[in-house]
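In what follows, a single structure is set out as structure tokens and then discussed.
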Amino acid sequence: MLKKIALIAVPALLLAACGGEPTKQDFIDKPELMEKYAEQCTKEMMQGKPSDVCSAMLEAQQEMLGNMLKGMMEQFQMHEGAGQ
């Protein structure tokens, strides 16, 4: 009985300690995680079955791209204003 509990509890504790699958915020905070999941997510998206982790990665990419474009537009507007 104790062995069965240990067999169930140890993997659950390890998964909890590792934090499980990355979230959107994890991908934003650590963009290098995208490299780890890129191939898996590409295959899942081609099959039309993206997992939660792939959906989180896509959402993070969209937010990061939006932030980058916003920053570029602000820089462009500042440059345009300085030239007048």
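Starting from the Cα-Cα distance between Gln40 and Met64, subtract it from 0.36 nm times their residue separation and give me the gain in nm to one decimal. Don't skip to the answer; put the middle values down first.
Numbers: separation 24, 0.36 × 24 = 8.64 nm, distance 2.04 nm.
Stretched fully, the Gln40-Met64 segment lengthens by 6.6 nm.
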### Task
Quick one: net charge around Ser51, please, counting Lys, Arg +1 and Asp, Glu -1 for every other residue with C-beta under 11 Å from its C-beta.
-1
## Note on the structure
Quick shape check on the stretch 16-77: root eigenvalues a ≥ b ≥ c of the Cα gyration tensor, a/c under 1.5 is rounded, otherwise prolate if a/b tops b/c, else oblate, and it reads oblate
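Bear in mind these aren't lab numbers, they're just calculated from the coordinates by the rules spelled out. All figures in this text were calculated on a predicted structure; none of them were measured in a lab. Backbone-built Cβ (ideal geometry, glycine too); neighbour counts: all protein chains shown.
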